[in-house]
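Q: Can you read through this structure? Questions will come right after.
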Ligand SMILES: Nc1ncnc2c1ncn2[C@@H]1O[C@H](COP(=O)(O)OP(=O)(O)OP(=O)(O)O)[C@@H](O)[C@H]1O
Ligand SMILES: O=C(O)[C@H](O)COP(=O)(O)O
């Protein structure tokens with residue numbers, strides 16, 4: 001990464017406005033997965049150890065510029081306190097005189113969590129006044145919120161106009177891993193693209209077709225490709241208006257010498273439900289009244305072989321409706337193949353693929369699981385992320 005990091009500046013005695021992505025899943029006021037908080041610990045700990053006064057800013061959910069009680073960052077601050085084993089101060093606002101008074105009380109090494117930045121309408125509008133108000137609290141801006149780096153908001157981008165701005169360790173690691181994959185991949189390089197819709201993956205397929213050796217397709221989006229090949233797909237997901245695009249992707253793959261893998265068999269169901277009747281059929285035999293909700297065992301085996309022979313695999317999007325056990329086998333098989341492939345560097349795009357790896361208990365077996373869903377997708381599309389762009393060059 002050609003951006004300055006916290007290692008390039010002296011933080012001792014400085015007040016640091018550190019943007020993190022503490023947008024964690026919550027249920028009934030409890031955090032159900034604290035991965036994102038843990039992922040920010042190296043930066044937080046380093047800043048505190050170096051004698052900075054650390055202000056942590058994050059969004060949680062989408063409160064749309066209003067105070068939503070359930071979206072306060074109080075439980076997150078508590079969890080952080082447990083993980084760090086040291087006191088963390090939490091304030092109920094994110095800027096202003098009352099917050100400044102609390103900041104003034106901090107000693108070097110102290111940590112303070114600001115309130116949800118999306119309680120303010122100016123955050124998502126990237127309002128310069130709000131960005132300035134955030135900046136007035138601190139001497140230095142650190143962006144460690146890779147998961148929100150695709151958003152040009154006041155706390156992820158605007159603030160950098162008013163303070164020296166550098167990356168945290170998580171941001172650095174995410175960018176380094178993903179850039180290496182795109183710009184200088186170990187080969188064979190395989191991308192596995194699944195998920196629900198072609199529409200959401202157009203950019204990423206386009207960009208990866210220029211770079212990979214193998215492209216594996218799965219999930220709901222596969223059936224538009226299957227249809228493009230002339231097979232009947234019953235009630236499986238279809239984006240009629242993307243059939244021509246799917247064809248053109250397959251043609252481009254051929255021209256580029258990219259091996260394009262699609263399901264050869266699938267699990268079909270007579271209902272979108274875990275209790276549906278199911279059977280495994282070949283890809284050219286999907287019954288008219290049934291829908292394909294997972295890849296089949298023959299397909300999983302082929303995909304496993306490709307994974308095994310790859311030096312680098314990037315995976316984005318599940319192979320089937322993995323939330324229902326009846327249709328989780330294909331996604332599980334891919335996750336297990338990645339876990340087993342000892343000579344393969346595995347990068348899991350955030351979002352649902354990361355959730356699947358978590359569900360199957362294989363987190364420790366992957367080389368890199370991105371903390372960003374939308375952010376990693378946009379990065380893999382080749383887009384510039386505003387939250388990275390605004391940081392100072394080395
Ligand atoms: N064959 C299928 N039919 C219908 N839905 C499917 C099928 N295969 C996968 N899905 C659904 O696709 C959804 C995931 O799609 P999405 O495009 O959101 O994935 P993702 O890119 O991993 O997600 P994120 O945007 O969170 O990163 C899952 O909820 C899954 O149930
Ligand atoms: O969960 C995420 O992908 C990030 O925290 C960004 O959240 P957003 O999609 O609400 O901007």
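What follows draws every value from the coordinates through simple rules; no lab data is involved. Just so we're clear, the structure is a prediction, and the values are computed from it rather than from any experiment. We place every Cβ from the backbone using ideal geometry, glycine too, and count neighbours over all the protein chains shown.
Q: Could you give the nm distance between label points at residue 277 and residue 8, where each point is 7 Å from its Cα heading toward the beta carbon?
A: The modelled label-to-label distance comes out at 6.4 nm.
Q: Using only helices, what value at 222 nm comes out for the chain when you add -39,500 (n - 2.57) per DSSP H run of length 4 or more and divide by the total residues, to the nearest 500 deg cm²/dmol?
A: Calculated at 222 nm, the ellipticity per residue is -10000 deg cm²/dmol.
Q: I've got another one for you. Quick one: compute the contact order of region 15-167, relative version, from alpha carbon pairs under 8 angstrom and 6+ residues apart, as a percent.
A: The normalised contact order for region 15-167 reaches 29 percent.
Q: OK, next. What does the C-alpha gyration tensor say about the overall shape of region 1-75? Classify as rounded when a/c is under 1.5, otherwise prolate if a/b is larger than b/c, or oblate.
A: Here region 1-75 falls in the prolate category.
Q: For helix 243-256, what angle does its Cα long axis make with the longest principal axis of the chain, in degrees from 0 to 90 and rounded to 10?
A: 90
Q: Going by alpha carbons, how many degrees (0 to 90, nearest 10) lie between the helix axis of 297-308 and the longest principal axis of the chain?
A: 50
Q: Sticking with this one: Neighbouring Cβ atoms within 10 Å as the yardstick, rank 262, 26 fewest first.
A: Listing 262, 26 from fewest to most nearby Cβ atoms yields 26, 262.
Q: While we're here: What ranking of 319, 1 emerges when the number of other C-beta atoms within 10 Å of each C-beta is taken as an exposure proxy, fewest first?
A: 1, 319
Q: Counting only DSSP beta bridges with both residues in region 176-381, what percent are antiparallel, rounded to the nearest 5?
A: So the antiparallel bridges in region 176-381 amount to around 35 percent.
Q: Can you classify region 15-167 as rounded, prolate or oblate using the Cα gyration tensor, where a ≥ b ≥ c are the square roots of its eigenvalues, rounded means a/c under 1.5, and otherwise it's prolate if a/b beats b/c and oblate if not?
A: Rounded, because the longest to shortest axis ratio a/c is under 1.5.
Q: Given a Förster distance of 35 Å, report the FRET efficiency between residue 324 and residue 254 from their Cβ-Cβ distance, rounded to the nearest 0.05.
A: Approximately 0.50, to the nearest 0.05.
Q: Over all directions, what mean area does the Cα convex hull of region 176-381 project, stated in square nanometres?
A: For region 176-381, averaging the hull's shadow over all directions gives 10.0 nm².
Q: For the chain, just run the numbers: alpha carbon Rg, then divide by 2.2 N^0.38 Å, N being how many residues it has.
A: 1.06
Q: While we're here: For the chain, modelled as a GNM with alpha-carbon contacts under 10 angstrom, which of 275, 21, 144 fluctuates the most?
A: Largest GNM mean-square fluctuation: 275.
Q: Determine, from the Cβ-Cβ distance of residue 78 and residue 139 and an R0 of 25 Å, the FRET efficiency 1/(1 + (r/R0)^6), rounded to the nearest 0.05.
A: Once the sixth-power term is evaluated, E becomes 0.35.
Q: Going by how many other Cβ atoms sit within 10 Å of their own, how do 20, 76, 363 line up, fewest first?
A: Arranged by neighbour count, lowest to highest, 20, 76, 363 become 363, 76, 20.
Q: Bin width 5 Å, alpha-carbon pairs only: give the P(r) of region 100-153 as whole percents, running from 0 to the bin holding the largest distance.
A: 4, 14, 24, 29, 17, 9, 2
Q: Build a GNM of the chain with springs between Cα atoms under 10 Å: which of 351, 234, 147 gets the top mean-square fluctuation?
A: Most flexible of the set in this elastic network: 234.
Q: Determine which residues of region 310-334 fall in the zone a paramagnetic label at residue 270 would reach in this model, i.e. backbone nitrogen under 19 Å from the point 7 Å along Cα→Cβ.
A: The answer is 326-327, whose backbone nitrogens lie closer than 19 Å to the label point.
Q: Which angle between 0 and 90 degrees, to the nearest 10, do you get for helix 35-49 versus the longest principal axis of the chain when only C-alpha atoms count?
A: Helix 35-49 sits at roughly 30 degrees to that axis.
Q: Please work out the FRET efficiency for the pair residue 93 and residue 358, using the Cβ-Cβ distance as r and a Förster radius of 30 Å; give the result to the nearest 0.05.
A: It comes to 0.35.
Q: Hey, in the GNM for the chain with a 10 angstrom Cα cutoff, which one of 195, 230, 122 fluctuates hardest?
A: Sorting by GNM fluctuation, first place goes to 230.
Q: What distance in nm separates the two pseudo spin-label positions at residue 200 and residue 106, each 7 Å out from Cα along the beta-carbon direction?
A: 3.6
Q: While we're on this one: Determine the shape class of region 176-233: with a ≥ b ≥ c the square roots of the Cα gyration tensor eigenvalues, call it rounded for a/c under 1.5, and otherwise prolate if a/b is greater than b/c, oblate otherwise.
A: It is prolate, given that a/c is not under 1.5 and a/b is the larger ratio.
Q: Let me ask something additional. Tell me the relative contact order for the chain as a rounded percent, counting alpha carbon contacts under 8 Å between residues six or more apart.
A: After rounding, I find 16 percent.
Q: Determine the distance separating the Cα centre of region 347-369 from the Cα centre of region 33-52; give it in Å without decimals.
A: Measuring centre to centre over Cα atoms gives 21 Å.
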